[in-house]
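Data first, discussion second: the structure below is written as structure tokens.
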Amino acid sequence: MDFAHTSVLLEETIEGLAIRPEGVYVDGTLGGAGHSSRIAEKLTTGRLIGIDQDSDAIEAAGQRLMPWSSRVTLVRDNYCNLPSILKGLGIDRVDGILLDLGVSSYQLDNAGRGFSYRFDTALDMRMDRRQTLTARTIVNEWSQNELFRCIRDYGEDKFAQNIAKHIVAAREKKPIETTGELNEIIRAAIPARMRETGGHPSKRTFQAIRIACNRELEVLESSLDSFIGLLAPGGRLCIITFHSLEDRIVKTAFKRNENPCTCPPEFPVCVCGKKSRGRVVTRKPILPSPEEMEENPRAKSAKLRIFERKEE
């Protein structure tokens, strides 16, 4: 199937990047190149580095970005490796970085990838299919306590303990191989009266396992400070999140880089020596318009936050 993905908050993100025709920009979550194609068409002597760990995304993006191939470099890697990627390309600073987090429409809608509870297929959920850890490994090999913490922390599911217990009980009889089998186990773990509210019973658990499988939150948290350090003066970091866990990490990192002072409030002057690296452009996150949410239901939870590097 084609790598189809409707870019969320497209106009708001392009405006937020404040693109200069001669600038250097990074799309760390390339996907179907919806955002990247808009960036590329605004460049003249500038350059776009597109990064994605999904080989299907790299292939699809290469085709979509063909009209601007002379100013585009595609890299199959995790965005957390951006410092070494830029070093390898001989680039010290960039004028803008974009992250559109979460799972793409293509990955959700492609039954073979195992991301969605809507299909009965092999448990996979790897964004980078070169890695060895899969959803099947997590479901069948992690301890009950590890599964509980994963579903509680990453899925924020109040039935996490019971779901973990049911998974362990089921796999003692036979390994859990498919998303359909996992669906039935989760369904049985949730009280009947609660199954009719709050969306699909498996939604939160599938999200949790996907996040754990791809180390999504660890990668995000470990990358943001270094990304801000890679921005040229006036450069911007734009991040689109899709759930509260991601958004909290971004909000905290932006706030820390804007005001890193650790001195007690009663100190008349700063003595810690920590200097602000820039400013948070978005005091409140930018949300999709009602029209966009109606056209693309997956945009409903999206939030865009922007940080601008300080002039030196």
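Out of the stretch 208-285, which trypsin sites (Lys or Arg not before Pro) are coil in DSSP terms and have no more than 11 other C-beta atoms within 10 Å? Those that pass, being in a loop and sparsely packed, are 275, 283.
Give the relative contact order (percent, whole number) for the chain; include only Cα pairs under 8 Å separated by 6+ residues. Working shown, then result.
Numbers: 539 pairs, mean separation 53.9, N = 312.
Computed over the chain, the figure is 17 percent.
Take the chain with all the other protein chains still there, run a 1.4 Å probe, and you get 48 Å² of accessible area per residue. Please work out the Cα center distance from the stretch 66-94 to the stretch 174-204, rounded to the nearest Å. Using only Cα atoms to place each centre, the spacing works out to 41 Å. Remark: the stretch 257-309 carries a charge dipole of roughly 320 debye about the Cα centre, counting +1 on each Lys and Arg Cβ and -1 on each Asp and Glu Cβ.
What is the magnitude of the charge dipole of the stretch 1-99 about its Cα centre, with +1 placed on the Cβ of each Lys and Arg, -1 on the Cβ of each Asp and Glu, and no other charges, expressed in debye to the nearest 20? Can you show the working numbers first?
Numbers: 9 positive and 14 negative charges, 75 e Å.
With Lys and Arg at +1 and Asp and Glu at -1, about 360 debye.
Which net charge results for the neighbourhood of residue 95, defined as the other residues with beta-carbon distances under 10 angstrom from its beta-carbon, given Lys and Arg at +1 and Asp and Glu at -1? Please report the intermediate quantities before stating the final value.
On the way: positive: 20, 47, 93, 236, 309; negative: 22.
Summing Lys/Arg as +1 and Asp/Glu as -1 gives +4.
By accessible area, using a 1.4 Å probe on protein heavy atoms only, the chain has 50% of its surface on carbon and sulfur. When Rg and the Kirkwood Rh are both derived from Cα coordinates, the Rg/Rh ratio for the chain amounts to 1.00. For the stretch 127-210, the calculated P(r), taken from all Cα-Cα distances in 10 Å bins from zero up to the bin holding the longest distance, is 19, 55, 23, 2, 0 percent.
For residue 115, list long-range residues whose amide hydrogen, built 1.01 Å from N in the peptide plane, is under 5 Å from its own amide hydrogen. Those qualifying (amide H under 5 Å, at least 5 residues apart or on another chain) are 125.
For residue 251, a cut-off of 22 angstrom between C-alpha atoms picks up these lysines, skipping any fewer than 8 places away in its own chain: 274, 275, 284, 300, 303, 310.
Dipole check for the chain: with +1 at the C-beta of Lys and Arg, -1 at the C-beta of Asp and Glu, and the Cα centre as origin, the magnitude is about 740 Debye. In the elastic network of the chain, a GNM with C-alpha springs shorter than 10 Å, the most mobile of 233, 290, 268 is 268. Taking max minus min of the alpha-carbon positions on each principal axis, the stretch 204-312 gives extents of 50, 32, 29 Å, largest first.
When N counts the residues of the stretch 61-165, how does its alpha-carbon radius of gyration compare numerically with 2.2 N^0.38 Å, as a ratio? Spell out each step's value before the answer.
Details: Rg = 18.3 Å, N = 105, 2.2 N^0.38 = 12.9 Å.
Compared with the compact-globule rule of thumb, the stretch 61-165 sits at 1.42.
Using a Förster distance of 30 Å, how high is the FRET efficiency between residue 187 and residue 130, based on the Cβ-Cβ distance and rounded to 0.05? Write out the running numbers ahead of the final one.
Working: r = 33 Å, r/R0 = 1.08.
Given R0 = 30 Å and the Cβ-Cβ separation, E is 0.40.
Taken along the Cα-to-beta-carbon direction at a fixed 7 Å, the label points for residue 89 and residue 41 span 2.1 nm.
The values are calculated or read from the model by the stated rules, or taken from the named source; none is laboratory data. Because the structure is predicted, anything quoted here is derived from the model rather than measured. All Cβ positions, even for glycine, are placed from backbone atoms using ideal geometry, and neighbour counts span all protein chains on display. The accessibility values were calculated without ligands, DNA or RNA, using every heavy atom of the protein model including side chains. Shrake-Rupley method; radii C 1.70, N 1.55, O 1.52, S 1.80 Å.
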